[in-house]
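These notes are about the structure you will find just below.
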Amino acid sequence: MTTMAALKTQTKWLSLIGIGEDGMGGLSPAARTLLAQAQFVIGGARHLALVGPLAAPSMAWPSPLHDALPEIVARRGTPLAVLASGDPFFYGIGALLTRHVPTEEIICLPAPSSFSLAAARLGWPLQECRLVSLHGREFTRIVPHLQPGARILCLSWDETTPPRLAAFLCERGFGASQITVMEAMGGARERLCTLRAADFALSDIDPLNLVALDIVAEATAKILPLGTGLADEWFESDGQLTKREIRALTLAALRPQRGARLWDIGAGAGSVGIEWLLLDPLNQAIAIEANPERAARIARNATALGVPHLEIVTGKAPEALKALPPPHAIFIGGGASDPGIIDAAFAALPSGGRLVVNAVTLETQALLLRCFETHSGDLVQAQISRADRVGGFHAWRPAMPVMQWAWTKP
């Protein structure tokens, strides 16, 4: 059993205490002791009300939260308690605090997260659920998780989230899915209501809620495939689109890794950057596009496909690249023959970074041949043919061949 003597040292001055709707009654003896010893307490207004009245001075979190950081750092070495909902390191304040206070100076005593409480109420194995937060995040991030048979636990922004989710499911062909709205879990006001998305009619929903989704797909459901090479029809385009088969080859050549950042130069419809983000929720991508209309189209595609966090830079490379955070990989799908672009990519990549360039025109293909001769790497050519009608018969109609050069920086 963890004792206060083991927890409390001279260097651990910040106590990060998870709290539930049951307030003081749900806190462990260790958490209560740390709270009583604190000379200053910070938390949400709801948290402070759950533990009040307090002997020590207190402060409710301001908006934005960052405005409280100087107050916290200024009290370094003095016992201070921060109250947070549930587990502070699960979509909570913990990550923000550890960017400003060393972890060696923090004691964290988490409470069950709302996700854990929801899984316990429903009897769902937590490791088999998709855990999503829409609290302060873009709503369409839910899109990649809408898979047949999926169980999703979704942290709401407020009381408007459950009906919005129900309507969204119906629009995409998931109206038979079950929605469970779970309000104020762990406290006296806890309430659970389950109904089909198509029948959703709840009112007076508590702003503090989590939504559990048991996904049922109808025959017409819009299900985002899990593999690379989405059908071209998923993307709005003016024709400047890396086609499905070439896109799959391109993503394979880029060798994506978890949490890596991609520069998609000459992004067109944004398809490569969008699929890069769909591969892992920690991935990052920046689409660089000189044409403002195409840049706006990229934003619409990213939102529709559930990756609204795709960063879009409207500008012409290489000038538009100068202020960007460094990439782990670069794809050049358009404009590779423009002066300075490939040189800028060489300079921006770190050792081990990956560069992939696609070319259709003979002039750009000649440039890639010279790059291959100078730097080695992999040089391949791919041509896709599709069956098409020729009179009363069918024949192969070939697309233009694409040359691809892929290179890893030494």
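Let me check I've understood the local charge: for G52, count other residues with C-beta under 14 angstrom from its C-beta, Lys and Arg +1, Asp and Glu -1. What total comes out?
+2
Which of the listed residues, A366, F346, M403, is farthest toward the dipole's positive end in region 283-410, when Lys, Arg count +1 and Asp, Glu count -1 at the beta-carbon?
Farthest towards the positive end: M403.
Let me have the relative contact order for the chain, percent, based on Cα pairs under 8 Å that are six or more residues apart.
Relative contact order for the chain comes out at 10 percent.
So, by mean Cβ neighbours within 10 angstrom, what's the order for 376-387, 340-351 with the highest one leading?
So the order, starting with the most tightly packed, is 340-351, 376-387.
Given contacts defined as C-alpha pairs under 8 Å and at least six residues apart, what's the relative contact order of region 119-232, whole-number percent?
Relative contact order comes out at 31 percent.
Which one, L155, I42, P292, projects farthest toward the positive side of the charge dipole computed for the chain from Cβ point charges (K/R +1, D/E -1)?
Toward the positive end, the furthest listed residue is I42.
For P(r) over Cα pairs in 10 Å bins from 0, in percent, pick the label among (i) 5, 22, 32, 24, 13, 4, 0; (ii) 4, 18, 22, 21, 19, 11, 4, 1, 0; (iii) 4, 20, 28, 25, 17, 5, 1, 0 that corresponds to the value derived from the coordinates.
(ii)
What fraction of the DSSP beta bridges in the chain is antiparallel, stated in percent and rounded to the nearest 5?
Given both bridge residues lie in the chain, the antiparallel proportion sits at roughly 50 percent.
By how many nm would the segment from E236 to E319 grow when fully extended, if each residue of separation counts as 0.36 nm and the alpha-carbon distance is taken off?
27.2 nm
Order 355-368, 58-71 from most to least packed using the mean count of other Cβ atoms within 10 Å.
Averaged packing, sorted descending, gives the order 355-368, 58-71.
What residues qualify as long-range amide H neighbours of I19, i.e. H under 5 Å apart, gap of 5 or more or another chain, H built at 1.01 Å from N?
Correct list: A84, S85, G86, A111.
Can you give the relative contact order of region 39-129 as a percent, counting alpha carbon pairs under 8 Å and 6+ residues apart?
Answer for region 39-129 is 26 percent.
Along the charge dipole of region 59-151, pointing to its positive end and built from +1/-1 on Cβ of Lys, Arg, Asp and Glu, which listed residue (I107, C129, F89) has its Cα farthest out?
Most positive-ward Cα: C129.
Magnitude of the Cβ-charge dipole of the chain, K/R +1 and D/E -1, about the Cα centre, nearest 20 debye?
The dipole magnitude comes to about 560 debye.
Could you work out how far apart the two model spin labels at D22 and R137 are, taking each label as a point 7 Å from the Cα in the direction of the beta carbon, and quote it in nm?
The answer from the label model is 2.8 nm.
Can you return the lysines within cross-link range of K222? Criterion is Cα-Cα under 24 Å, with same-chain partners fewer than 8 residues away left out.
K243
Per-residue HN-Hα couplings for region 60-67, Karplus 6.51 cos²θ - 1.76 cosθ + 1.60 at θ = phi - 60°, whole Hz, x for Gly and Pro?
With coefficients 6.51, -1.76 and 1.60, one gets 7, 4, x, 10, x, 4, 4, 5 Hz.
With the cut-off at 1.5 for a/c, could you classify region 232-408 from its C-alpha gyration tensor as rounded, prolate or oblate?
Taking the square roots of the gyration eigenvalues as a ≥ b ≥ c, region 232-408 is oblate.
Check which residues have an amide H placed less than 5 Å from R196's amide H, if you skip close sequence neighbours.
Those lying under 5 Å, H to H, from R196 are I179.
Rounding to the nearest 20 debye, state how big the charge dipole of region 170-302 is about its Cα centre with +1 on each Lys and Arg Cβ and -1 on each Asp and Glu Cβ.
Here region 170-302 has a charge dipole of around 420 debye.
How large is the charge dipole for region 317-410, taken about the Cα centre, if only the Cβ atoms of Lys, Arg (+1) and Asp, Glu (-1) carry charge, to the nearest 20 debye?
For this selection, approximately 300 debye.
So which aspartates and glutamates pass the test for K316, namely a Cα distance under 16 Å, with those fewer than 8 places away in the same chain ruled out?
Excluding near neighbours in sequence, the set is D264, E289, E293, D338, D343.
When a/c reaches 1.5 or more, the comparison of a/b and b/c decides; with that in mind, is region 4-111 rounded, prolate or oblate per its Cα gyration tensor?
In terms of gyration-tensor shape, rounded.
Below 20 Å, Cα to Cα, which aspartates and glutamates can K12 reach? Residues fewer than 8 away in the same chain don't count.
E71, D87, E104, E105
Any read-out appearing in this document is the output of simple, stated calculations on the displayed coordinates, not a laboratory observation. All figures in this text were calculated on a predicted structure; none of them were measured in a lab. Virtual Cβ from ideal backbone geometry, glycine too; neighbours counted across all protein chains shown.
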